[in-house]
2 protein chains.
Amino acid sequence: MAVADLYTKINLQYSSKLSYVSTRLSYSRRVSLRPLPQPHNSRICCSVTSKEAQAPVFVNTEDPKKKPDCYGVFCLTYDLTAEEETKTWKKLINIAVSGAAGMISNHLLFKLASGEVFGPDQPIALKLLGSERSLQALEGVAMELEDSLFPLLREVSIGIDSYEVFQDADWALLIGAKPRGPGMERADLLDINGQIFAEQGKALNAVASQNVKVIVVGNPCNTNALICLKNAPNIPAKNFHALTRLDENRAKCQLALKAGVFYDKVSNVTIWGNHSTTQVPDFLNAKINGIPVKEVIKDTKWLEEEFTEMVQKRGGVLIKKWGRSSAASTSVSIVDAIRSLVTPTPEGDWFSSGVYTAGNPYGIEEGIVFSMPCRSKGDGDYELVKDVIFDDFLRSRIKKTEAELLAEKRCVAHLTGEGIAVCDLPGDTMLPGEM
Amino acid sequence: MAVADLYTKINLQYSSKLSYVSTRLSYSRRVSLRPLPQPHNSRICCSVTSKEAQAPVFVNTEDPKKKPDCYGVFCLTYDLTAEEETKTWKKLINIAVSGAAGMISNHLLFKLASGEVFGPDQPIALKLLGSERSLQALEGVAMELEDSLFPLLREVSIGIDSYEVFQDADWALLIGAKPRGPGMERADLLDINGQIFAEQGKALNAVASQNVKVIVVGNPCNTNALICLKNAPNIPAKNFHALTRLDENRAKCQLALKAGVFYDKVSNVTIWGNHSTTQVPDFLNAKINGIPVKEVIKDTKWLEEEFTEMVQKRGGVLIKKWGRSSAASTSVSIVDAIRSLVTPTPEGDWFSSGVYTAGNPYGIEEGIVFSMPCRSKGDGDYELVKDVIFDDFLRSRIKKTEAELLAEKRCVAHLTGEGIAVCDLPGDTMLPGEM
């Protein structure tokens, strides 16, 4: 049969489905009725080689698990191994993103889809989690992803139920969080966001890949990550990260500026502790051109007083100048955080990530999510760096951020299954200008 | 001398400059007094190898040309050939971007800086043009670029005078344009934006690289590009492009959806003519899996009536869903447009760009900027594709968009040096949802 005839047949046979695909009017929102069995999804499946086209056919997937709604051209699924151009590609990975209609995601999703994060032979599926309110915007995001024609982006689905969207996720990038409303106390914020992350932890536990890597960006991200991992007992606690990479990047830039060198000469910068104003950008272990920072920058007053403040206040300064929070550089730092886990860490260097403290060699209290220096072999996993030094100044500041995280932990005990919450938080330490 | 001592010396010697760099408080805005000679810029110059650090030194550049203000860490300039990691890199290129504080740029600049456009061995300088009103926001953008630590991004400067910002530009991406205000006629819009692009054309002519490649994104982009090139007689007219790549990408996606194939199977799609509702997405020459579209999609009514409308209305639909215009996919299409000029076009395929019609083989009136099918050897240049076919339907629609562009040209004759403007524009054909 000539290929042209084949296409005619396709058009006749699947005209109703195709008109759905092209008009998008029949998009149906699934409400989250978790325990109900779903009708089997009918999906168009298409296997195409460069020489010959094959008909898309409906496939009864026979998969009782629920899936979020696929979008437009991404409802086509392919046997990538059947195509000349794609048969050497890796196996498709599923990347779930919450807060997918927000500004950070609007930068991040296009970076993920372009291949700059996972590489040019890694096809990806994006699973976008939004809210009832943002569902229209999510469709807009999916449309823009369609119009971008990224070859590696093979599936996009959107939904508002984390149990559907997190299905088989290999990565979960948890960006969505409620920003603080007027008059809201930090304890309220911890509680309201904590509930979101408890729910998402449960969903990940139930439906994600059991080795899913989770990066929590929504603030307060350390304690949100703690809540999330406590609600996902089947997923290794080691797989959860709270994003402190933007702080690390900002610290590197400030050290570079002070030393009058380009930022690529700054290495071994650790952010210790909480992603808050108690965070500790470590200039004791940091290096410039391989030389300890304290030997390069002799201005101790600047290092001990101004440096940390400049890192912390960066977000606030930016909001004043730019009028919105730093979505672009935040998304770059998420890319950096992922890349640090999927590519080997350069010899002698490390990166910061908020990770679970169980078994840490630094004497930090166990059972919290604390930013510490990590190295990776590029397999998605990490190990804590052993050869770091401490002095009294560094130790005392680490104690302070540790105390804050322990207080936050007590404040969300009702969400981590550790009893009744007691909120004795010290003063408000949200980073200025960050959601 | 030990490297550490060297750094101490640097810190003492250049403390005033460095404190400027780190506080950014002394940022001084230069007003556009074009003919006045500038005091020689003192710039920090730093050459660093991985083994040994060299002192930044002030260099009197002895260059009477004015430069826009460098920003923060990007005020350091390097001898890249002196560094182990960078000595195999290509020569730094200057990329000027107008409307740099806007949303399209906020996506685009980070793509340029990451290396995904020009490649991993191409260091770049970004020269950001804003307005008096957006200067603070521009600083915010520069700060976020600093915080992103892109190794290839070696210089960032910001300014509000195109004669400064376009200095030595190898690429000029002209995104900034005035959106239409309430009650503004299309003729008013052509005039107000035309004046901006006449000025920018003059500036490019005076100070940019004489082989600068110019991509006009600000609408109405075809006629803006025409005005720009007419005001830059020393730059080859062939170097000016009006962006119709987003239209091409959208057309490919709609054809893919209709045929039930993935978008990477669609090739040879031309957008003919104006980036307006008279644009002609060409399904006569387009192919799916190498087969003419008309043999694959037999629904002629859809091709002739719905297809073009779907491509045109996409921006408007998106605005309704997403609440803003399509900044992310527009910036992706700008990346595509640049890449199409700096990488060889795949065998047998082509891309669309709005280019000057002088010497075109299609019988299109000379002296306008018209989107046509192009191929490139990857040297930044292009040639028009010869083997395209026409039928009466395609020809008649090309005539219509040609008539519109000729009317627009008459309407801006006062800006192209071709006499007195006569505005007899047909009905309003701005694309819905686009600025």
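Just wondering, is there one or more residues in region A:176-184 that are within 19 Å of the chain's Cα centre (by Cα), more than 11 Å from chain B (Cβ to nearest Cβ), under 21 Å from B:A327 (Cβ atoms) and not in a loop (DSSP other than H, G, I, E, B)?
At the first step, the residues of region A:176-184 found to be within 19 Å of the chain's Cα centre (by Cα) are A:176-179.
Then drop every residue that is not more than 11 Å from chain B (Cβ to nearest Cβ), which leaves A:176-179.
This time we only want the ones that are under 21 Å from B:A327 (Cβ atoms), so: A:176.
Adding the requirement that they be not in a loop (DSSP other than H, G, I, E, B) leaves none.
No, there is no match, as no residue in region A:176-184 is within 19 Å of the chain's Cα centre (by Cα), more than 11 Å from chain B (Cβ to nearest Cβ), under 21 Å from B:A327 (Cβ atoms) and not in a loop (DSSP other than H, G, I, E, B).
What's the total number of residues in region A:72-97 that are at pLDDT 90 or above, part of a loop (DSSP other than H, G, I, E, B) and not basic (K, R)?
Of the residues in that region, 4 qualify.
Exactly one of (1) of a type in the set (D, E, K, R); (2) part of a loop (DSSP other than H, G, I, E, B); (3) over 27 Å from the mean Cα position of the chain (by Cα) is unmet by B:D428. Its number?
So B:D428 meets the others, but not (3).
Taking the condition in a loop (DSSP other than H, G, I, E, B), within 26 Å of B:E155 (Cα to Cα) and in contact (Cβ under 8 Å) with a residue 24 or more places away in the chain, does A:V311 pass? Step through it out loud before you land on a result.
On the way: in a loop (DSSP other than H, G, I, E, B): no; within 26 Å of B:E155 (Cα to Cα): yes; in contact (Cβ under 8 Å) with a residue 24 or more places away in the chain: yes.
Answer is no for this residue.
Taking B:A259, is it aliphatic (A, V, I, L, M) and either in contact with an Asp or Glu (Cβ under 9 Å, 6 or more places away or on another chain) or within 29 Å of B:E309 (Cβ to Cβ) (or both)?
Values: aliphatic (A, V, I, L, M): yes; either in contact with an Asp or Glu (Cβ under 9 Å, 6 or more places away or on another chain) or within 29 Å of B:E309 (Cβ to Cβ) (or both): yes.
Taking the combined requirement at face value, the residue satisfies it.
Look at A:K287 and say whether it is touching a residue at least 12 places away in the same chain (Cβ under 8 Å), basic (K, R), surrounded by fewer than 24 Cβ atoms within 10 Å (Cβ to Cβ) and not assigned by TED's automatic domain parsing to the domain that holds A:T401.
Working: touching a residue at least 12 places away in the same chain (Cβ under 8 Å): yes; basic (K, R): yes; surrounded by fewer than 24 Cβ atoms within 10 Å (Cβ to Cβ): yes; not assigned by TED's automatic domain parsing to the domain that holds A:T401: no.
It is false that A:K287 is touching a residue at least 12 places away in the same chain (Cβ under 8 Å), basic (K, R), surrounded by fewer than 24 Cβ atoms within 10 Å (Cβ to Cβ) and not assigned by TED's automatic domain parsing to the domain that holds A:T401.
Filter region A:124-139 for residues that are in contact (Cβ under 8 Å) with a residue 24 or more places away in the chain and either within 10 Å of chain B (Cβ to nearest Cβ) or not hydrophobic (A, V, I, L, M, F, W, C) (or both) and give the result.
Step one: filter region A:124-139 for residues in contact (Cβ under 8 Å) with a residue 24 or more places away in the chain, giving A:124-132, A:134-135, A:137-139.
Residues satisfying the conditions are A:K127, A:G130, A:S131, A:E132, A:S134, A:L135, A:A137, A:L138, A:E139.
So which residues in region A:197-224 are assigned to a helix (DSSP H, G or I) and out of contact with any helix residue (DSSP H, G or I) (no Cβ under 8 Å at 6 or more places or on another chain)? Steps first, please.
From region A:197-224, those assigned to a helix (DSSP H, G or I) are A:197-207, A:221-224; that's our starting set.
Matches in region A:197-224: A:K202, A:N205, A:C221.
So which of A:V214, A:V269 is in contact with a Lys or Arg (Cβ under 8 Å, 6 or more places away or on another chain) and modelled with pLDDT of 95 or more?
Values: A:V214 fails: in contact with a Lys or Arg (Cβ under 8 Å, 6 or more places away or on another chain).
Of A:V214, A:V269, the one residue that is in contact with a Lys or Arg (Cβ under 8 Å, 6 or more places away or on another chain) and modelled with pLDDT of 95 or more is A:V269.
I'm trying to understand the selection: among the residues of region B:164-184, which are at positive phi and touching a residue at least 40 places away in the same chain (Cβ under 8 Å)? Don't jump to the end; show me each part of the working.
Looking only at region B:164-184, we keep the residues that are at positive phi, and these are B:168, B:183.
Passing the criteria: only B:D168.
So A:G316 ticks every box in (1) in contact with a Pro (Cβ under 9 Å, 6 or more places away or on another chain); (2) away from every other protein chain (no Cβ under 13 Å); (3) small (G, A, S) but one. Which box is left unticked?
Unmet for A:G316, out of (1) in contact with a Pro (Cβ under 9 Å, 6 or more places away or on another chain); (2) away from every other protein chain (no Cβ under 13 Å); (3) small (G, A, S): (2).
I need a count of the residues in region B:264-303 that are outside any loop (DSSP other than H, G, I, E, B), more than 9 Å from every other protein chain (Cβ to nearest Cβ) and within 25 Å of the chain's Cα centre (by Cα).
Qualifying residue count for the region: 8.
From the list A:F150, A:F166, pick out the single residue that is among the aromatic types (F, W, Y) and crowded, with 24+ Cβ neighbours inside 10 Å.
Values: A:F150 fails: crowded, with 24+ Cβ neighbours inside 10 Å.
Result: A:F166 is the single residue among A:F150, A:F166 that is among the aromatic types (F, W, Y) and crowded, with 24+ Cβ neighbours inside 10 Å.
Counting only residues that are away from every other protein chain (no Cβ under 13 Å) and in contact with a strand residue (DSSP E or B) (Cβ under 7 Å, 6 or more places away or on another chain), how many does region B:93-123 have?
Going residue by residue through region B:93-123, those that are away from every other protein chain (no Cβ under 13 Å) are B:93-99, B:118, B:121-122.
Remaining after also requiring in contact with a strand residue (DSSP E or B) (Cβ under 7 Å, 6 or more places away or on another chain): B:93-98, B:118, B:122.
Of the residues in that region, 8 qualify.
Output the number of residues of region A:206-233 satisfying the condition of being surrounded by fewer than 24 Cβ atoms within 10 Å (Cβ to Cβ) and under 15 Å from A:G417 (Cα atoms).
So the answer is 3.
Which of the numbered conditions does A:P346 fail, given that it passes all the others? Conditions: (1) over 23 Å from B:A101 (Cβ atoms); (2) assigned to a helix (DSSP H, G or I); (3) more than 8 Å from chain B (Cβ to nearest Cβ); (4) not small (G, A, S).
(2)
What's the number of the only condition in (1) under 15 Å from A:F240 (Cα atoms); (2) exposed (fewer than 12 other Cβ atoms within 10 Å of the Cβ) that A:M372 fails to meet?
Single failed check for A:M372: (2).
Among all residue pairs at least 6 apart or on different chains, which show Cβ distances below 6 Å where the first residue, located in region B:151-163, is within 14 Å of chain A (Cβ to nearest Cβ) and the second is of a type outside the set (D, E, K, R) and in a helix (DSSP H, G or I)?
B:L153/B:A113; B:E155/B:F74; B:V156/B:F74; B:V156/B:A142; B:V156/B:L145; B:I158/B:L138; B:I158/B:A142
So the check is Cβ under 7 Å with 6+ separation or different chains; which pairs have a first residue in region B:349-374 that's without any contact (Cβ under 8 Å) to a residue 12 or more places away in the chain and a second one that's hydroxyl-bearing (S, T, Y)?
Qualifying pairs under 7 Å: B:E366/B:T357.
Within region B:128-141, is there a residue that is part of a loop (DSSP other than H, G, I, E, B) and farther than 26 Å from A:M310 by Cβ? Talk me through it step by step, then tell me what you get.
Let us first name the residues in region B:128-141 that are part of a loop (DSSP other than H, G, I, E, B), namely B:130-131.
Restricting the remaining residues to those that are farther than 26 Å from A:M310 by Cβ gives B:131.
Yes, region B:128-141 has at least one match.
Name the one entry in A:S371, A:S333, A:S329, A:S340 that is under 20 Å from A:T278 (Cβ atoms) and within 14 Å of chain B (Cβ to nearest Cβ).
Numbers: A:S371 fails: within 14 Å of chain B (Cβ to nearest Cβ); A:S329 fails: under 20 Å from A:T278 (Cβ atoms); A:S340 fails: under 20 Å from A:T278 (Cβ atoms).
None of the others qualify; the one that does is A:S333.
For the condition surrounded by fewer than 21 Cβ atoms within 10 Å (Cβ to Cβ) and out of contact with any Lys or Arg (no Cβ under 9 Å at 6 or more places or on another chain), what is the one hit in B:G181, B:G194?
On the way: B:G194 fails: surrounded by fewer than 21 Cβ atoms within 10 Å (Cβ to Cβ).
Of B:G181, B:G194, the one residue that is surrounded by fewer than 21 Cβ atoms within 10 Å (Cβ to Cβ) and out of contact with any Lys or Arg (no Cβ under 9 Å at 6 or more places or on another chain) is B:G181.
The values are calculated or read from the model by the stated rules, or taken from the named source; none is laboratory data. Bear in mind that the values here come from a model prediction, so they are computed numbers and not experimental data. Ideal geometry is used to build each Cβ from the backbone, glycine not excepted, and the neighbour counts take in all protein chains shown.
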